[in-house]
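Peer 1: One structure, as structure tokens, below. Some questions next.
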Amino acid sequence: MASNIQQILRYMAKAYYRLFYFFFRIEKWSSGKNEIPDGLCVFIAILPICLFGFIDLIVLEYLFSRFIYNLNISHYKAYAIIICLISDIFNGVLFFQGKRYMRIKEMFSNEDKGTRNKRSFYCILYSLITMFGSVILIRIFGYPT
């Protein structure tokens, strides 16, 4: 049981690293002939990941409030600020600590074209679901009462 959970967590971490590498690669590609340092590309790649983390945490709170117990905290500004800070600090520490972004870059830089395209498709799909999924959930289930 514990080994299954560890395997799932490893798979989730690898998927999260791949999402980071997707945005990192976009930033490196968009720099064109102007070589931007990896540290700056990492910072810029973390921005959409922080936004998606923020949205995911808000959606989890929505689902909890809608179906389990209405916490009635989502309308406070401090709540949004705290969730945003949690997402920013988590991602900053995760990718910058010990230059983990270099290991992630090595991990995915040798992908063949077919694998890269498939994984990039999954990253785009996740991004779209994250951006529009909350609107669809609210439309279907309504606001917490």
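The values are calculated or read from the model by the stated rules, or taken from the named source; none is laboratory data. Just so we're clear, the structure is a prediction, and the values are computed from it rather than from any experiment. Every residue, glycine among them, receives a Cβ derived from its backbone with ideal geometry; neighbour counts consider all protein chains shown. To get the accessible areas, we keep the full protein, side chains included, count just its heavy atoms, and leave off ligands, DNA and RNA. Shrake-Rupley method; radii C 1.70, N 1.55, O 1.52, S 1.80 Å.
Peer 1: Enumerate the pairs (first residue in region 22-51 and more than 23 Å from ASN110 (Cβ to Cβ); second residue anywhere and open to solvent by 80 Å² or more (accessible area, probe 1.4 Å) and not small (Gly, Ala, Ser)) with beta-carbon separation below 6 Å, excluding pairs fewer than 6 apart on the same chain, so at least 6 apart or on different chains.
Peer 2: Note: no pairs meet the criteria.
Peer 1: Pairs only if they're at least six apart or on different chains, beta carbon under 6 angstrom, first in region 77-91 and charged (D, E, K, R), second open to solvent by less than 50 Å² (accessible area, probe 1.4 Å); list them, first residue then second.
Peer 2: ASP88/CYS50
Peer 1: Moving to a separate point now. Anything in region 114-145 that is open to solvent by 80 Å² or more (accessible area, probe 1.4 Å) and assigned to a loop (DSSP other than H, G, I, E, B)? List them, or say none.
Peer 2: Correct list: TYR143, THR145.
Peer 1: Is there a residue in region 6-14 that is charged (D, E, K, R) and either within 19 Å of ILE82 (Cβ to Cβ) or touching a helix residue (DSSP H, G or I) at 6+ places or on another chain (Cβ under 9 Å) (or both)?
Peer 2: Yes, the conditions are met somewhere in region 6-14.
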